[in-house]
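> Below are the structure tokens for one structure; questions will follow.
Every read-out reported here was derived from the displayed coordinates using simple, explicitly stated rules and does not represent laboratory data. Given the structure is predicted, the values throughout are model-derived calculations rather than measurements.
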Amino acid sequence: MDFEKRNDVRASHAAAGTTEDTWRIGNAEMASRFFLGTGLFPNPFVQNEAIAVSGAEVLTFAIRRVDLESAEDDSILQHLEPGKFRFLPNTSGSRTAEEAVRIARLARASGLSDWIKVEISADERTLLPDPIETLRATEILVKEGFTVLPYISDDPVICRKLEEAGAAAIMPGGAPIGTGLGILNPYNIGLIVEEANVPVIVDAGLGTASDAALAMELGAAAILMNTPVAKAQDPVGMALAMKLAIEGGRLAYLSGRMGKKRYASASSGFDALKVK
């Protein structure tokens, strides 16, 4: 987004007397830019409190943790208010495109969602996504009418290929899943955002609020996370911290940061001072 467009966004909000900054994936309009996972929380009550303070509208979970024979009674879903959230099932655990496609079809047939996060790991130690199988699965599922959000490494080339295949959003990882290492390659994330014509959602590897703020300052449309919130000493407090960091990073991106310089320049204007 160039500077003029950023100013237009801020001006429209000011004219309306609101800070709302909506965005879209496909036909879905959303206000929150925080996608939250539902795994790893110490109990459902903490999970629901964290979801509430996060303001998240989209919740994600692994299909392997849901009983698709009775999805409405599943322990993960039964604690959530019906109809309040959009579900983003993911294909975590898949090793091939065929496995991911089968899981996506089961999720849609069970009535969960026609949105799907394609997640195909090539290596059990790093859980890095397999770009070839992810692209294959995306191509198949897009043709079948799914809204496909593929999780992928921070490679601008494969991200472009996934967009060309019809992905509704691109979800590059900041670092390997669950590591909390933060954004290891800000340059690549920035390139992906610059080239993309669909939303870029930074997914995986973030650890704390400053990581989320940086992703948004780089121009990401949203953040998807689970472990940094669920495994925090205070998951509810961390969910709120992440929400505020996402909002702050987004506003900083829209406002346009100052340029970086090698040498100092005084804000008080030393040139105007004269010694008598």
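> Running Debye on segment 124-215 with equal point scatterers at the Cα sites and no solvent, what base-10 log of I(q)/I(0) appears at q = 0.10, 0.20 Å⁻¹?
Here log10 of I(q) over I(0) equals -0.24, -0.90.
> What are the semi-axes of the equivalent ellipsoid of segment 160-276, taken as the square roots of 5 times the eigenvalues of the Cα gyration tensor, listed largest first and rounded to whole Å?
Sorted largest first and rounded, they come to 33, 20, 12 Å.
> Going through the cross-link list LYS143/LYS243; LYS161/LYS243; LYS84/LYS117; LYS84/LYS161; LYS161/LYS260, which pairs have a Cα-Cα distance over 23 Å in this structure?
Correct reply: LYS143/LYS243; LYS161/LYS243; LYS84/LYS161; LYS161/LYS260.
> Quick one: Cα convex hull volume of segment 28-256, Å³ per residue?
Spread over its residues, the Cα hull of segment 28-256 gives 110 Å³ apiece.
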